[in-house]
Every structure is written in C-alpha cells, then in structure tokens.
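Just below is one structure, and these are the notes that go with it.
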Amino acid sequence: MLPLLAGAVVNGAQACQELHLQATETADGARYALAKDVELVFGRDESLDSETDYGQRAMLYRSEGGAVRRTYFSAGAEDSSAMTPSFFTRCGPHELLILADIGNESAWGFRVFAYDGKALRDLGIVPIAVRGEGNMESAIPFVDLTPRGEVIDLTFTTDVIKDPESKQQRPVAGEDVLYQIDATSVRAK
C-alpha cells in the first residue's frame, strides 16, 4: 500500500495531502514505487508510439510471481519533453491523485491521473500555466484541491494563463478558474 498520510479534515471532508514519492531515474523515464509490487513510470516507450499517439506517457507495471508486466499506459504527451508528477493522497474518491506537468522549455498545463490501488486512469488535461520569467511555468504549485464528497474542486491561488503556448492563450484571474475532478474525468466549470 501507499505510504498514506493522515489527511486534515476541512468542512467535514478529508483534505488532499501532497505526498513526496522518491523517483528512480532510468534511461526511459522516472519510476515511482506505489506499492510493494506496483511501479508507476512517467517516460517514453517508443514501441507504443504511432503517428498520432506518441511521446511521454504514464505506465503502470505490476510484478507477479517474478514477472513484471505493464497493465496500463496512457496516451502520449506528443512533443512534451517530460511528464513531471506531483502526488496527492486521500483526495476525494481517489486513493492517489496525480498532477503531471507537460511541456518543453515552457509549460503547457498538466494531465490529471487517478490511482485506486488497482488501476490507473487518465482523467484529462488542465491547460493552465503561470507566467514565469521568459516562459510559462507549472501552475501545480498554485493549485488548491478541495474535496466535496465524490468531487474535487481544483482552483488556483494566483492568476493563470489558459491555453498556454497556443493561439487561444489568455490571462485569467485565478479566482475565475474552476475545474472539477470526479471519479472519471476533469472538466472546466
């Protein structure tokens, strides 16, 4: 099992707690132990790439009887040079909520994944970054996650850039941005 933290209670709901998992860097990406026989890898496996689905991905591996097998892989993050995860435990309906930055020299936003002890699910993309010195930077340090039963409100504590590095890029006041994460998806409200 995950090394879960005791979460604080906010408004009668368990508050999401950031969990710092150690990464093991390899040639194909970064590996994170989720349980004794479960590893999450953020990296690239070119054997999974196609013309329309390529790049960095989340991949879940299980060890059973000495054999390691991949049980899940997400869609590729195309030209993103990395997927850098932040982990949150006891977050609403999720045992582990993962926000993974995507981008190159500049942030494009982040992907949201959920792990329930058995399966990993890709819940979607939040196309939000913050203005940095020269380039867009990760908005994850400015995320506020508030569980409300089976839904998590995802808000920002600073002004953000919506659709960074695109023709639709625009600044938005942090208090005007709300995403909701449920058991199967993330969507703007």
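The values are calculated or read from the model by the stated rules, or taken from the named source; none is laboratory data. This one's a predicted model, so the numbers in the text were calculated from it and none came from an experiment. A quick note on method: Cβ atoms are made from the backbone with ideal geometry, for glycine too, and the neighbour counts reach across all protein chains shown. Quick note on the areas: whole protein, heavy atoms, side chains included, nothing else; ligands and nucleic acids left out. Shrake-Rupley method; radii C 1.70, N 1.55, O 1.52, S 1.80 Å.
Summary of values
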quantity	calculated
Å² per residue, accessible surface of segment 78-145 at 1.4 Å	39 Å²
Electrostatic dipole magnitude of segment 75-147 [Cβ: Lys, Arg +1; Asp, Glu -1; Cα centre; debye, to 20]	300 debye
Within-11-Å neighbourhood charge of Ala77 [Cβ basis; K, R +1; D, E -1]	-2
Within a Gaussian network of the chain (alpha carbon springs, distance under 10 Å), most fluctuating of Arg44, Arg31, Arg62	Arg62
Packing rank of 98-104, 79-85, where each peptide gets the mean count of other beta carbons within 10 Å, highest leading	98-104, 79-85
In segment 48-124, GluC sites (Glu not before Pro) in a DSSP loop with at most 16 other beta-carbon atoms within 10 Å	Glu51, Glu78, Glu105
Spherically averaged projected area in nm², based on the convex hull that wraps the Cα atoms of the chain	11.5 nm²
Accessible carbon and sulfur surface of segment 46-189 relative to its total accessible area, %, 1.4 Å	46 percent
Gap separating the Cα centres of segment 97-131 and segment 27-45, nearest whole Å	16 Å
Additional length obtainable on full extension of the chain from Ala23 to Ser47, 0.36 nm per residue less Cα span	6.3 nm
Unit charges at the beta carbon, dipole of segment 53-189: most positive-side option, Gly103, Ala77, Ser63	Ser63
Assigned charges on the beta-carbon of Lys, Arg, Asp, Glu; the chain dipole about Cα centre (debye)	540 debye
DSSP-loop GluC sites (Glu not before Pro) across segment 145-177, with at most 14 other Cβ within 10 angstrom	Glu150
Partners for Lys36 among lysines (Cα-Cα distance below 25 Å; same-chain residues under 8 apart left out)	Lys118
